[in-house]
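The structure appears below as structure tokens.
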Amino acid sequence: MISTRERLLLLISALCFGALGVALISQHVYDMPPCAWCVFQRLLYLGVGVAALIGAVTGGVAARIEGMLAAMLSAGGIVAAWYQYTVAAKMLSCDQTFADRFMVSTGLDAAVPWLFGIYATCMDAVVHVLGVEYALWSLALFALLLALSLVAALRRYPA
């Protein structure tokens with residue numbers, strides 16, 4: 001039988017993989033090229049989703065540990081989305097910012113260009129969806145993921 005904690009971790013994982021799906025549809029179907037901070041957040045969504053999935057599959061103490069890992073990565077996503085919205089989106093180029101250097105130095109942009117390729121400057125990547133900037137949607141989702149991850153990691157559930 002699957003526990004409440006494991007269900008919550010599966011929900012977190014589904015939200016992350018759903019966000020990645022939306023990002024890829026935005027890029028490849030609606031021609032919205034991502035910037036360095038966009039693809040960095042994709043990497044964080046992937047990390048949160050995988051951590052939550054591992055926690056859901058393993059259960060027990062490992063589920064709590066993976067929940068905390070998901071929470072930490074989600075907090076990093078909040079910082080990245082906030083930086084993108086408040087600083088990077090106003091820069092002519094996000095070349096040589098942390099996100100750009102990280103993605104290039106790991107080689108992910110070249111190895112998996114359909115997912116992590118950097119094809120726009122941060123200023124050019126500013127897009128509004130339903131009147132709200134894409135980066136703020138991401139920030140809101142990371143905040144939700146942080147809250148859910150903390151509940152999964154820290155809450156005591158009946159046996």
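The values are calculated or read from the model by the stated rules, or taken from the named source; none is laboratory data. These numbers were taken from a predicted model, which means no experiment stands behind them. Note that each Cβ is placed from the backbone with ideal geometry, even for glycine, and that neighbours are counted across all protein chains shown. Surface accessibility is based on the protein's heavy atoms, side chains included, excluding ligands, DNA and RNA. Shrake-Rupley method; radii C 1.70, N 1.55, O 1.52, S 1.80 Å.
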- Item | When residues of segment 128-151 are limited to those that are over 16 Å from Arg42 (Cα atoms) and at pLDDT below 95, the one most open to solvent (accessible area, probe 1.4 Å) | Leu130
- All positions within segment 27-58 that are of a type in the set (Val, Ile, Thr) and assigned to a loop (DSSP other than H, G, I, E, B): Val29
- Scan of segment 107-127 for residues that are open to solvent by less than 70 Å² (accessible area, probe 1.4 Å), in contact with a helix residue (DSSP H, G or I) (Cβ under 9 Å, 6 or more places away or on another chain) and not aromatic (Phe, Trp, Tyr), ordered by number: Leu108, Asp109, Leu115, Gly117, Ile118, Ala120, Thr121, Cys122, Ala125, Val126, Val127
- In segment 63-74, what residues are out of contact with any Lys or Arg (no Cβ under 6 Å at 6 or more places or on another chain) and either hydroxyl-bearing (Ser, Thr, Tyr) or open to solvent by less than 40 Å² (accessible area, probe 1.4 Å) (or both)? Glu66, Gly67, Ala70, Ala71, Ser74
- Note on the structure: Among (1) surrounded by fewer than 18 Cβ atoms within 10 Å (Cβ to Cβ); (2) of a type in the set (S, T, N, Q); (3) modelled with pLDDT under 90, Thr97 falls short only on (1)
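Every residue, every condition in (1) crowded, with 17+ Cβ neighbours inside 10 Å; (2) touching a Phe, Trp or Tyr at 6+ places or on another chain (Cβ under 9 Å), yes or no:
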position	(1), (2)
Ser13	yes, no
Cys16	yes, yes
Gln27	yes, yes
Cys35	yes, yes
Ile54	yes, no
Val57	no, no
